[in-house]
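Working notes for the structure below.
The values are calculated or read from the model by the stated rules, or taken from the named source; none is laboratory data. Because the structure is predicted, anything quoted here is derived from the model rather than measured. Virtual Cβ from ideal backbone geometry, glycine too; neighbours counted across all protein chains shown. Surface accessibility is based on the protein's heavy atoms, side chains included, excluding ligands, DNA and RNA. Shrake-Rupley method; radii C 1.70, N 1.55, O 1.52, S 1.80 Å.
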Amino acid sequence: MKHNGERGRKRPRGLRTRPKGRSVDPQALREVQTLLADAPRRRDLLIEHLHLIQDRYGHLSAAHLVALAHEMQLAPVEVYEVASFYHHFDVVKEGETPPPALTVRVCDSVSCELAGAEQLIPVLEREFGTTVRVQRAPCVGRCETAPVAVVGQNPIGTASLERVRQAIEHRATQASLPADTVDYQAYQAAGGYQVLRECLNGIRDTDSVVRALEDSGLRGLGGAGFPAGRKWRIVRDYAGPRLLAVNIDEGEPGTFKDRYYLERDPHRFLEGMLIAAWAAEINAIYIYIRDEYPACLQILKNAIAALEADPPMALPAIYLRRGAGAYICGEESGMIESIEGKRGMPRLRPPYVAEVGLFGRPTLEHNFETLYWVRDILERGPEWFASHGRRGRKGLRSFSVSGRVQKPGVHLAPAGISLRELIDEHCGGMLPGHELYAYFPGGASGGILPAAHADLPLDFDTLQPYGCFIGSAAIIVLSDKDSAKAAALNAMRFFSHESCGKCTPCRVGTQKAAGLMAQDRWDVPLLEELAQVMGDASICGLGQAAPNPLRSIIQYFSEELAS
């Protein structure tokens, strides 16, 4: 059919009659500009800027996301893909109803499930209806007070309907700061930052400091266990500028030791961090802290501000970055991607982050607790740290213990101690009426061991022959009233929820495994085949370690499979 006039003309290629995509809402743009004020519009600050909007409005509207993209000169899809990746960002599409003003998150990971979280969640849902949003949440790092509910940002330990209702009625939605945190003045009065001064003044040289760490046997205490001193040497050998990235994203179910120490003595960590920066000739420091720790974030802000106001040295630039609810960002390269303002997806290796890390620079990556012990080791000598240990092991380990014990919490004990000794000597024994049945020696990913193996030494490299590992030393104790099979299913559901989705073996494998493990009768040959594929082909440790609990059930708890 022939058309006349303008209708019949073809538009020149590349020209549009209106802008592609959603246009920027002027009011939303003004609101975003007000929130950002004079903050830089750099890509690596995208997640920080998303937090500003989420904190102010309670959600991320489509209009605000488009306005933020415009302000930062990014494509809207770049902003949306980051915002939708993290659990703590509530992305509300056009036409959708925003969530209620208040959210109550109830942890449903292993320790909280043992303590009654599954019974608490429906009670809270019935009580508050649609006025308050009740959400399941993965581990919030307070397993010693399970079950835990988080009202807004206020964690409620040993949570009950009454305690949650009370927090809501009193508008107690913000986390309170601990009263017993050691401040800057008290820390200095007790000799704090003296070791750092000795390093700067030439009383200690770099080689002797690194050698002291090596002689002490200090290893990475986030789970990987790489020797700390050797890591400093490796990074220092690469051409600068070099960066330091500190991981305080302890999302492993059962782990809360970093929070415990940070709430009490933040400057001991900061001094260790600055010594590491001096020894490895670091130019800038980035501290990544999980969003579930708002009080710890404020403690660090206060501590760094006090340090910068009266510095014991010329400080490198120190940047605090806030996570947004993603377990995968505990993996070092996933954390680095998140610091850069991206989705926290692990990188393929090599190259390793020591060579090509944050912003493409050589990067020293450390867990919080590793740096926490640096001052003590240098001050007391490497022999002090190495002298602790049992069964031929060396050093101290901070065990996060939860589950069926009388005294859950962080217990500092010799490396190589057995679970039975840990329970008897540090945890006050099992709860009355409970007998030891099984335990996770390294959080959800560390596998599950039966009581028959409660005399094994707990340390790096001692549990691998039994299909387990110590990881971050998160001990979850099960009793004869619990099911190891149910605990393994809980762990697999956690991994399925937290998979970043980058690789198929992990993304599909964890979901498929959780479905198979929920059946009354397990298809053991199929699960074993699935576990093999996940372990062999997953990109990072999440998918590689996710099969450990299910393999443990098959190996050690066949009676549960038969029932």
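Quick notes on this one:
- Computed on segment 484-532, the Cα convex hull volume stands at 62 Å³ per residue.
- With every protein chain in place, the chain: carbon and sulfur % of accessible area (1.4 Å): 49
- Cα pair distances of segment 474-563 binned at 10 Å [whole percent]: 18, 53, 26, 3
- Label zone at ASP180 (point 7 Å along Cα-to-Cβ), backbone N below 20 Å, segment 123-164: 141-146, 155-158
- Entries of LYS231/LYS394; LYS301/LYS342; LYS301/LYS502; LYS93/LYS342; LYS407/LYS512; LYS231/LYS407 with Cα pairs more than 25 Å apart: LYS301/LYS502; LYS407/LYS512; LYS231/LYS407
- Formal net charge of residues neighbouring HIS49 (Cβ-Cβ distance under 13 Å; K, R +1; D, E -1): -1
- Two-decimal log10 I(q)/I(0) for segment 406-524, as the Debye equation yields it once each C-alpha is a single scatterer, q = 0.12 Å⁻¹: -0.49
- Across segment 166-213, the volume of the C-alpha convex hull divided among the residues equals 142 Å³ per residue.
- The tail of the calculated P(r) for segment 262-305 beyond 15 Å holds 46 percent of all Cα-Cα pairs.
- Normalised convex hull volume, the chain, alpha-carbon set, Å³ per residue: 200
- Positive-end residue, segment 327-402 charge dipole about Cα centroid, Cβ charges, pick of VAL401, CYS329, PHE359: VAL401
- Computed over the chain, relative contact order equals 12 percent, with contacts defined as Cα pairs under 8 Å that lie 6+ residues apart.
- With all protein chains kept in place, the per residue accessible area of segment 56-173 amounts to 45 square angstrom at a probe of 1.4 angstrom.
- Evaluated at q = 0.27, 0.29 Å⁻¹, a Debye calculation over the C-alpha positions of segment 198-258 (equal weights, vacuum) places log10 I(q)/I(0) at -1.18, -1.21.
- Taking a ≥ b ≥ c as the square roots of the Cα gyration tensor eigenvalues, segment 398-446 comes out oblate, since a/c reaches at least 1.5 and a/b does not exceed b/c.
- For segment 444-480 and segment 405-421, distance of Cα centres in Å: 12
- Computed P(r) (all Cα pairs; segment 21-68; 5 Å bins; percent): 5, 23, 34, 25, 13, 1
- Using distinct alpha-carbon pairs, which all enter the 1/r mean, Kirkwood radius of segment 155-273 in Å: 17.9
- Accessible surface for ARG236 stands near 50 Å², nearest 10, in the context of the full protein assembly shown (1.4 Å probe).
- For VAL401, distant residues with modelled amide H under 5 Å away: GLY409, VAL410, HIS411, ILE475
- Segment 139-201: translational diffusion in µm²/s, Stokes-Einstein, Kirkwood Rh over Cα pairs, 37 °C, 0.692 mPa s: 226
- Kirkwood Rh, angstrom, segment 208-328 [1 / mean 1/r, Cα pairs]: 15.4
- Part-to-part distance (alpha-carbon centres) for segment 301-325 and segment 211-286, which is given in Å: 15
- Each listed q (0.21 Å⁻¹) maps to a log10 I(q)/I(0) for segment 56-113, found by the Debye formula over equal Cα scatterers with no solvent: -0.84.
- Using the alpha carbons alone, the radius of gyration of segment 304-407 stands to its Kirkwood radius in an Rg to Rh ratio of 1.05.
- Rg and Dmax [Cα atoms of segment 276-355; Å; Rg one decimal, Dmax integer]: 14.3, 42
- Segment 507-529 and segment 67-92 have Cα centres lying 35 Å from one another.
- Simple spin-label estimate for GLU198 and ASP455 gives 4.2 nm between the two label positions (7 Å along the Cα-to-Cβ direction from each Cα).
- Solvent exposure of segment 312-429 as accessible area per residue, Å², 1.4 Å probe: 34
- Dipole magnitude of segment 29-183, debye to nearest 20 (Cβ charges: Lys/Arg +1, Asp/Glu -1, about Cα centre): 220
- Computed over segment 335-476, the P(r) tail beyond 22 angstrom holds 50 percent of alpha carbon pairs.
- Full extension of the chain segment joining GLU528 with SER84 gains 156.5 nm, where the gain is 0.36 nm per residue of separation less the Cα-Cα distance.
- Evaluating kT/(6 pi eta Rh) at 25 °C and 0.890 mPa s, with the Kirkwood radius of segment 51-180 over Cα pairs in the Stokes-Einstein relation, gives 153 µm² s⁻¹.
- Think of segment 119-269 as having a plus end and a minus end, set by charges on the Cβ of Lys, Arg, Asp and Glu; of PHE128, THR145, GLN166, PHE128 sits farthest toward the positive end of this dipole.
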